[in-house]
Amino acid sequence: MNICEVFIRRPIATTLVMMAILIFGVAGYLQLPVSDLPNVDYPTIFVSANLPGADPDTMAAVVALPLEKQFSTIPGVEQMTSNSGRGRTFITLQFDLTREIDGAAQDVQAAIATVRMPKDMPSPPQWRKSNPAAQAVLTLALYSDTLPMSVMDEYAETNLAQQLSSLPGV
């Protein structure tokens, strides 16, 4: 006896089995969790350097450019952006998703150590690991002319924090 023969001889049972499969499929699809913002750890490292009194052009030419040249040799760098201002330079390095952040941090630290910085720089460039997906979506500040800060803090901790934490998705 062939397996197809069972379904051909019993069309009502076949229809019921197909309807059950369809109903379970739709119910399962509707219960699938979908995240608007998936939890992805982007391997990102921020580098900052200070040179007091230097104008933005000097910061870009003397500090940012040598660092960028050295960082471009690190494997897995997908995106590099820099911003130079008065006495400060910020460089953001975003790595490939397959790159481990700890290994990338070691490579960044080694690259910083090999770059010759100006002698009047008070400290070597600093770096820190970060996950841009973990940044706050909402920042709330409370202010009162009449209540002391301790009362405001207690109100925020006991009332606002509990109400906000009970919202779906928080």
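Tabulated results
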| quantity | calculated |
| --- | --- |
| For THR14: the one exception among (1) open to solvent by less than 50 Å² (accessible area, probe 1.4 Å); (2) polar (S, T, N, Q); (3) within 21 Å of LYS119 (Cα to Cα) | (3) |
| Selection from region 146-169 of residues that are hydroxyl-bearing (Ser, Thr, Tyr) and over 29 Å from the mean Cα position of the chain (by Cα) | THR146, SER150, TYR155, THR158 |
| Residue ID - farthest from PHE71 (Cα to Cα), chosen from residues in region 121-170 that are open to solvent by 100 Å² or more (accessible area, probe 1.4 Å) and of a type in the set (Ser, Thr, Tyr) | THR146 |
| Conditions (1) closer than 18 Å to PRO124 by Cβ; (2) surrounded by 10 or more Cβ atoms within 10 Å (Cβ to Cβ); (3) at pLDDT below 90: number failed by ASP55 | (1) |
| Exclusive hit being touching a strand residue (DSSP E or B) at 6+ places or on another chain (Cβ under 6 Å) and on the phi > 0 side of the Ramachandran plot, set GLY53, GLY76 | GLY76 |
| PRO33 being loosely packed, with under 11 Cβ neighbours inside 10 Å, of a type outside the set (Lys, Arg), within 28 Å of GLY169 (Cα to Cα) and without any contact (Cβ under 8 Å) to a residue 60 or more places away in the chain | yes |
| Output for region 66-79, where each listed residue is farther than 19 Å from LEU97 by Cβ, exposed (fewer than 15 other Cβ atoms within 10 Å of the Cβ) and of a type outside the set (Ser, Thr, Tyr) | LYS69 |
| Region 96-120, subset of a type outside the set (Val, Ile, Thr) and open to solvent by 80 Å² or more (accessible area, probe 1.4 Å), residue nearest to VAL63 (Cα to Cα) | ARG116 |
| Residue ranges of strands (runs of 3 or more DSSP E) in region 50-135 with at least 1 members of a type in the set (Asp, Glu) | 77-85 |
| Of all residues making up region 79-136, the number that are of a type in the set (Gly, Ala, Ser), touching a residue at least 24 places away in the same chain (Cβ under 8 Å), closer than 20 Å to TYR42 by Cα and out of contact with any Gly (no Cβ under 9 Å at 6 or more places or on another chain) | 3 |
| Boolean, ALA49 is farther than 27 Å from VAL115 by Cβ and in contact with a helix residue (DSSP H, G or I) (Cβ under 9 Å, 6 or more places away or on another chain) | no |
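The values are calculated or read from the model by the stated rules, or taken from the named source; none is laboratory data. As the structure is a computational prediction, the values presented were derived from the model and not from experiment. Methodologically, a virtual Cβ is constructed for each residue, glycine included, from the backbone with ideal geometry; neighbour enumeration extends over all protein chains shown. Areas reflect the complete protein model, heavy atoms only, side chains present, ligands, DNA and RNA absent. Shrake-Rupley method; radii C 1.70, N 1.55, O 1.52, S 1.80 Å.
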